[in-house]
Amino acid sequence: MGADQEAGSVRVEGNSIIVPEGAQTFDIAGRRVNPQGLPRGIYIVRLASGKAVKAVVK
């Protein structure tokens, strides 16, 4: 994940990605997903500012 404060607001807890308000979560195929209860994998979180952050659910 990125080092700036905005990117740091995205975190993985268990099998969920905690995202700030206005963020969208996508799987590696580009499909929008609910950030709660995810299977293992790599996900992309697009923040409200337009920045993208990679999150890994292990």
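Here are the numbers for this structure:
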{"read-out": "Matching residues in the range 32-52 - criterion: being of a type in the set (K, R) and at pLDDT below 95", "value": "K51"}
{"read-out": "Top-ranked residue of the range 1-14 - restricted to ones that are under 16 Å from K58 (Cα atoms) and surrounded by 14 or more Cβ atoms within 10 Å (Cβ to Cβ), ranked as modelled with the lowest pLDDT", "value": "M1"}
{"read-out": "From A29, A23, A55, residue being surrounded by fewer than 10 Cβ atoms within 10 Å (Cβ to Cβ), at pLDDT 95 or above and not aromatic (F, W, Y)", "value": "A29"}
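The values are calculated or read from the model by the stated rules, or taken from the named source; none is laboratory data. What you see is a predicted model, and the numbers here were worked out from it, not measured in a lab. Every residue, glycine among them, receives a Cβ derived from its backbone with ideal geometry; neighbour counts consider all protein chains shown.
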